[in-house]
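First up is the structure itself, then whatever we jot down about it.
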Amino acid sequence: MSDALTLLPDFLLIVTGFLICRHTALNRIVWDGVERLVYFVLFPALLFTAIVRSPLQPAAALPLLSCGLAIVVCGVAMAYALRQFPGVDSRLHASGAQVAFRFNSYVALAMAERLAGAQGLAWTALLVAVCVPVCNIAAVWPLARHGGQGYLRELSRNPLILSTGGGLAFNLLGLQLPDLASLTLSRIGAAALPLGLMAVGAGLQMGALREAPRLAASLLTIRHALLPLVAVALVLWVGLPPAQQAVVVAFAALPTASSAYVLATRMGGHGGFVAGLVTLSTLIGMIGLPLALLLLRAAAAWTA
């Protein structure tokens with residue numbers, strides 16, 4: 001199955017969520033509850049069990065994690081640099097900068113399992129564990145600085161950070177879950193991906209992108225063009241195994257986090273502008289992610 005067809009079922013779930021939300025009685029009120037359930041219960045269970053089930057080998061995972069962190073740091077640096085461009089509105093930049101470097105974890109984990117099976121899921125869970133705190137700190141900082149708010153409390157209560165940190169500690173201590181607890185958490189986590197992807201589709205909307213089209217285009221260019229190019233060059237230079245190369249490049253080409261809208265709105269940013277960016281990023285990702293994997297394949301063949 002080609003890269004595009006491999007990811008097609010996941011994007012069809014996004015489209016399904018959009019259609020159900022717009023054309024049935026299961027409207028935004030229902031999906032608001034689904035999003036909270038996925039974010040606070042299902043997704044943390046999936047992250048925790050994915051990390052706990054796979055024995056960690058720090059030396060083997062270090063190149064993979066280094067590549068993931070380097071990609072995120074590049075995205076943060078490029079997004080922050082846009083603030084120095086003339087005519088950039090500070091509120092719009094503070095709200096939208098996160099779109100350039102944050103990633104949709106639901107799509108990431110669904111994609112990883114299709115690309116590299118259970119091992120790919122574990123690798124991506126590690127990437128999420130390491131990169132989510134960095135992304136959240138980098139996303140909250142411009143909004144907190146613009147609005148004069150603190151951010152340490154928000155970070156300490158983030159369910160993704162708590163679950164991934166707990167999974168890492170559990171794994172490194174050599175602990176094992178009882179069979180009943182492992183099976184229960186696995187079944188809870190299994191519901192996270194389909195519901196999470198459908199919730200992404202239910203939240204799609206076009207916002208006030210016309211207020212700053214150049215800023216929007218720049219942020220999406222970083223997210224969907226520059227970071228995948230950085231990833232392809234990086235994984236080939238480091239010499240990661242082929243399966244890890246695919247996981248890292250796909251990680252770099254992901255749509256942005258759907259929760260970016262919630263963060264911007266909660267911290268006094270421009271929610272409409274971010275909603276439009278999230279929607280457009282998700283649509284671009286449907287095409288851009290498979291193209292990034294095809295680019296990796298071509299570059300690997302050319303350098304072989």
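Hydropathy first: keep DSSP H helices in the chain averaging at least 0.5 on Kyte-Doolittle, then drop any whose Cα extent along the axis falls short of 24 Å, and list what survives.
Span-like helices, by this rule, are 3-23, 58-81, 105-147, 271-303.
At 222 nm, what value in deg cm²/dmol follows for the chain if DSSP H runs of at least 4 each add -39500 (n - 2.57) and the sum is divided by all its residues, to the nearest 500?
-25000 deg cm²/dmol
May I ask you to rank H93, H224, H23 by accessible area, largest first, using a 1.4 Å probe over the protein chains only?
My answer, sorted largest first, is H23, H224, H93.
Probe radius 1.4 Å, ligands and nucleic acids ignored: give me the carbon and sulfur share of the accessible area of the chain as a rounded percent.
Looking at the chain in its full context, I get 67 percent from C and S.
Suppose all protein chains stay in the model; what accessible area per residue would a 1.4 Å probe give for the chain, in Å²?
On a per-residue basis, the chain sits at 45 Å².
Excluding ligands and nucleic acids, what accessible area in Å² is computed for R36 using a 1.4 Å probe, to the nearest 10?
Answer for R36: close to 140 Å² accessible.
The values are calculated or read from the model by the stated rules, or taken from the named source; none is laboratory data. Bear in mind that the values here come from a model prediction, so they are computed numbers and not experimental data. Heads up: the accessible areas ignore ligands, DNA and RNA and are worked out on the full protein's heavy atoms, side chains in. Shrake-Rupley method; radii C 1.70, N 1.55, O 1.52, S 1.80 Å.
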